[in-house]
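Please read the structure below before turning to the comments.
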């Protein structure tokens, strides 16, 4: 088990920052978009309802784009290293998250979610493909079981850390929380560039 953890540690670190960023989006997208794009915090208002609807549109956009790009990624990984493709996708995704802080127009916001969709397409494909390559056939289930903790741990961390930061350091400004998520995904992309294939062989 220790050997498996040691093999997966570089990817674990990348996954930690990646999923911390994703949870910042999933938890805070609605309060950010309703407050900073639709200029309301009144949950009973029409503007708030329009904002939540727009959140759904934005999420549908990045999910649909990610599903379409899932057919493109295998072609890219035939020409380039999976590690480099994933690193670039994470950096692009981080740009999408970072832009949310600056964008104040609902239609321009769609650009952010296009970038996030590119990142999400890689996140939901390449790490699992890498595990499938490096895991011995007789231990495949164990490798994937251990690797699932790379999602569970940042989820637990996000539940406590992001709320703590938002309340005590960001004065309730949730756009700063998503900005922090963008920084976390940028860090993940940078680390991924330095993960060598031999480290997880």
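Against the empirical curve 2.2 N^0.38 Å, the C-alpha radius of gyration of segment 16-110 lands at a ratio of 1.26.
Extension gain for the segment residue 111 to residue 64, taken as residue separation times 0.36 nm less the Cα-Cα distance, is 15.5 nm to one decimal.
Sorted from greatest to least, the principal axis extents spanned by the alpha carbons of the chain come out as 56, 36, 26 Å.
Over the residues of the chain, the helix contribution to mean residue ellipticity at 222 nm works out to -26000 deg cm²/dmol, using -39500 (n - 2.57) for each DSSP H run of at least 4. Computing FRET efficiency as 1/(1 + (r/R0)^6) for residue 13 and residue 80, where r is the C-beta to C-beta distance and R0 is 25 Å, gives about 0.70. Projected onto their three principal axes, the Cα atoms of segment 49-101 cover extents of 45, 23, 9 Å, largest first.
Among 140, 88, 192, 185, sorting on how many other beta-carbon atoms sit within 10 Å of each Cβ, with the fewest leading, yields 140, 88, 192, 185. The angle between the Cα long axis of helix 2-32 and the main principal axis of the chain comes to about 10°, on a 0 to 90 degree scale.
Ranked by the mean number of other Cβ atoms within 10 Å per residue, highest first, peptides 55-62, 108-115, 167-174 order as 108-115, 55-62, 167-174.
Bear in mind that the values in this text are calculations on the coordinates, not laboratory data. None of these values were measured; they are calculated from a predicted model. Please note: Cβ atoms are built from the backbone with ideal geometry, for glycine as well, and neighbour counts cover all protein chains shown.
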